[in-house]
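These notes concern the structure reproduced below.
Every number in this text was worked out from the coordinates using simple rules, so none of it is lab data. Treat the numbers as computed from the prediction; the structure is a model and nothing was measured. Glycine gets a Cβ as well: all are built from the backbone with ideal geometry, and neighbour counts include every protein chain shown.
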Amino acid sequence: MGTVGDDNDHDGHDHDHGHGDAGHGHPHEEIFIADAPGYYDLMETAVRELLIERRLFGADEIRRQIEVLDSRTPALGAKVVARAWVDEGFRRRLLEDGRKGCEELGITFYDDTQLIVLENTPKVHNLIVCTLCSCYPRPVLGLPPDWYKLKPYRARAVYEPRAVLEEFGTRIPDDVEIIVSDSTAMVRYLVLPMRPPGTETMSEEDLGALVTRDAMIGVIPVEYPKEAA
Amino acid sequence: MSSELLVKKLPNDIGGDASGKIERVEHELLPWEKRCHALADVLDFHKIINTEEKRRGVEALGSEMIGKLSYYERWIVAFANILFQKGILTPGDLAIKMEELEARHTSETARAHPNA
């Protein structure tokens, strides 16, 4: 089973036409609204309406949760990282209890998950994955990118993290240990990247702007000045 | 492959498998995909279907469906199956509702484009 390169998950392939970069913003929705809803689209509406009719929850709860999902972006995680870089007390509390640390900054957890923050150091590099599915620190990073949910990353991150990181352009020296943490339904991870040199005088806000989603997954470092991609 | 491996490793259990190069694909969720995600969260809040039940529900689709359906397609089919198993909905309820929705859409489209 499993031809190399083909995998279990093909989210987005139909719509991406192979260009995977974020920021190509065609308004796909318009096309789909005009079309007849597809089978799974209909199934979603049917299941939702049936459960609302049976009063298991209200339509407003779905609307509210869509707003919650839209409000969660990697900017929240970046704020947490920047605060940890400038506030030693906060850093310690965050490493002790990731969820409480985030809540201190007003980031609410809308689910029952715990958060463990993993600190990168000159000796240790952390990488997060969910081998079984797509568990991800959604309250602080939003929804995961497709590649995080696809087979190549999930299968390989746990046994050849150095090769995986090289595919993201990240070379970790051999004397740095790589720790891969496998997420579960109840326990999620967030990487606290190393603060890049040359940023000593930067404000917390400017530091936050350097921190990317991928750095908090652990596939790239935080860079300053940013290299041209 | 020996059949033993099928017993030991269910379809979701792919950590450690050989696989291809990582393609850094991403896409903005379609409106129905986002609604499906919100539905998943609300089902979890109300303890109707929790995250682990959802994961197992997807796994129970079997490797062929897992391979052919997209991420949120797997979720919504898994939700329907779990709701049937829990006796909250029946396959008949769902089929009738889907037909109604399709008819509703067709009549709305016909009204919007009388010459179409």
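See the values below:
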| read-out | value |
| --- | --- |
| Taking the C-alpha atoms of the stretch A:45-139, convex hull volume expressed per residue in Å³ | 129 Å³ |
| Rounded, prolate or oblate (a/c below 1.5 giving rounded, otherwise prolate when a/b exceeds b/c) for chain B by Cα gyration tensor | prolate |
| Gyration tensor (alpha-carbon) shape descriptor, the stretch A:76-229, a/c threshold 1.5 | oblate |
| Cα centre as origin, Lys/Arg/Asp/Glu Cβ charges: chain B dipole, Debye | 100 debye |
| For A:LEU115, residues with placed amide H under 5 Å, excluding near neighbours | A:GLY98, A:ARG99, A:ARG188 |
| For the stretch A:206-221, Karplus couplings with θ = phi - 60° (6.51, -1.76, 1.60), whole Hz, Gly/Pro x | 5, 4, x, 5, 7, 8, 9, 3, 5, 5, 7, 7, x, 8, 9, x |
| Under 15 Å, Cβ to Cβ, from A:GLU166 - net charge with Lys/Arg +1 and Asp/Glu -1 | 0 |
| Vicinal HN-Hα couplings computed from phi for the stretch A:143-157 (Karplus, 6.51 cos²θ - 1.76 cosθ + 1.60; Hz; Gly/Pro x) | 7, x, x, 4, 4, 5, 9, 8, 4, x, 5, 5, 6, 8, 4 |
| Greater than 29 Å apart at Cα, pairs in B:LYS47/B:LYS97; B:LYS34/B:LYS97; A:LYS100/B:LYS47; B:LYS21/B:LYS86; A:LYS151/B:LYS8; A:LYS100/B:LYS86 | B:LYS21/B:LYS86; A:LYS100/B:LYS86 |
| In sequence order, calculated HN-Hα J values of the stretch B:88-105 (Karplus, 6.51, -1.76, 1.60; Hz; x Gly/Pro) | 7, 10, 10, x, x, 3, 5, 4, 5, 4, 5, 5, 4, 5, 5, 5, 4, 5 |
| Volume of the Cα convex hull of the protein assembly as shown, divided per residue and given in Å³ | 164 Å³ |
| Listed residues A:VAL180, B:HIS46, A:GLY106: farthest to the positive end of the dipole of the protein assembly as shown (Cβ charges) | B:HIS46 |
| Residues whose placed amide H lies under 5 Å from that of A:ILE178, excluding near-sequence neighbours | A:HIS125 |
| Built amide H within the under 5 Å cut-off of A:LEU192, gap 5+ | A:LEU118, A:GLU119, A:ASN120 |
| Rounded, prolate or oblate (a/c below 1.5 giving rounded, otherwise prolate when a/b exceeds b/c) for the stretch A:87-132 by Cα gyration tensor | oblate |
| CD proxy at 222 nm, helix term only [per DSSP H run n ≥ 4: -39500 (n - 2.57); per residue of the protein assembly as shown; nearest 500] | -14500 deg cm²/dmol |
| Peptide A:157-163, shielding by other chains (average Cβ, 10 Å cutoff) | 2 |
